[in-house]
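Enquirer: One structure coming up, written as structure tokens, with questions to follow.
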Amino acid sequence: SSGINAEYGGNLAIFLIALFWPGDPQLTNLLFCLANGLLYTGAFSFRNSLVFHSVDKMTSTYIHSAPVLLSFGVRWFPEETSRFWHASFPSKPAPWSFFWNVSAPLLFSTFHSLFYTVLVYGILRPEKHIVTSYRYLKAKQSTKAIFGPNPSFMAFLLVQFVIVLVMTGVTILTYTYFILHLLQVLVLVVVVTWNGANYYVDVFRVSLSKSKRNKTS
């Protein structure tokens with residue numbers, strides 16, 4: 001199925017920073033916060049899975065996971081990471097700052113949400129078979145259990161902003177302490193791997209069940 005994902009904007013911003021301003025310490029601060037904020041939580045919201053034969057699942061996993069892994073290399077191993085890039089990342093990352101680690105990510109998230117809303121629901125107005133972030137999350141049973149059978153779009157935006165706000169606080173800690181960021185990355189890797197393993201187990205279980213039914217019939 002086709003999809004319109006709100007996280008594309010965050011990936012675009014990270015790509016532009018890494019491509020054109022990789023040596024700017026303040027912008028690499030912003031890169032870190034964008035990657036480990038809403039993009040990170042998106043891997044759990046969309047139940048990302050390492051299912052290697054599925055383009056949709058691998059694309060979604062890449063969208064949410066690749067920026068996190070990039071930020072880990074840039075923040076903690078800049079010299080080693082720079083060897084694989086066209087320019088050097090800051091060898092000494094900028095210290096934590098309220099603007100670049102708090103205000104800038106929140107401002108980006110706010111303006112990005114407004115732009116996404118106007119573009120997708122005001123201009124493009126995708127047909128019902130097109131899967132947007134809101135439509136996907138709205139259809140989840142966990143979402144209905146919390147917000148009722150028909151959660152509003154405003155509730156979706158509000159929850160998204162709260163998640164960004166909470167994760168902004170988390171990124172202050174993970175930006176400062178290597179062990180916390182390492183744990184954050186390991187949780188992501190374990191979860192997407194576990195989801196993928198469960199997917200394959202379910203597929204094999206269904207396939208085996210069909211095979212047994214065919215033999216008995």
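Enquirer: Considering each of PHE111, PHE77, PHE84, PHE99 in turn, give the residue that is under 18 Å from the mean Cα position of the chain (by Cα) and loosely packed, with under 15 Cβ neighbours inside 10 Å.
Expert: PHE111 is the lone residue from the list that is under 18 Å from the mean Cα position of the chain (by Cα) and loosely packed, with under 15 Cβ neighbours inside 10 Å.
Enquirer: Out of curiosity, is VAL170 part of a helix (DSSP H, G or I), touching a residue at least 12 places away in the same chain (Cβ under 8 Å) and open to solvent by 40 Å² or more (accessible area, probe 1.4 Å)?
Expert: Answer is yes for this residue.
Enquirer: When only residues in the stretch 52-111 that are at pLDDT 95 or above and among the basic types (Lys, Arg) count, which is nearest to THR193 (Cα to Cα)?
Expert: ARG75
Enquirer: Could you list, in sequence order, the residues of the stretch 184-217 that are open to solvent by 90 Å² or more (accessible area, probe 1.4 Å) and at pLDDT 95 or above?
Expert: Within the stretch 184-217, VAL190, TRP194 meet the criteria.
Enquirer: Quickly run through the stretch 90-135 and pick out the residues that are over 22 Å from ILE14 (Cβ atoms), basic (Lys, Arg) and assigned to a loop (DSSP other than H, G, I, E, B).
Expert: Result: ARG125, LYS128.
Enquirer: Further, regarding this structure: Would you mind stating whether PHE156 is in a helix (DSSP H, G or I), touching a Lys or Arg at 6+ places or on another chain (Cβ under 8 Å) and free of Cβ contacts under 8 Å to residues at least 24 places away in the same chain?
Expert: Considered against the rule, which asks whether it is in a helix (DSSP H, G or I), touching a Lys or Arg at 6+ places or on another chain (Cβ under 8 Å) and free of Cβ contacts under 8 Å to residues at least 24 places away in the same chain, PHE156 comes out as yes.
Enquirer: If TRP21 satisfies every condition in (1) at pLDDT below 95; (2) open to solvent by 40 Å² or more (accessible area, probe 1.4 Å) but one, which is the exception?
Expert: So TRP21 meets the others, but not (1).
The values are calculated or read from the model by the stated rules, or taken from the named source; none is laboratory data. If you're wondering where the values come from, they're calculated on a predicted model, not measured in any experiment. Every residue, glycine among them, receives a Cβ derived from its backbone with ideal geometry; neighbour counts consider all protein chains shown. Surface areas here come from the heavy atoms of the whole protein model, side chains and all, with no ligands, DNA or RNA. Shrake-Rupley method; radii C 1.70, N 1.55, O 1.52, S 1.80 Å.
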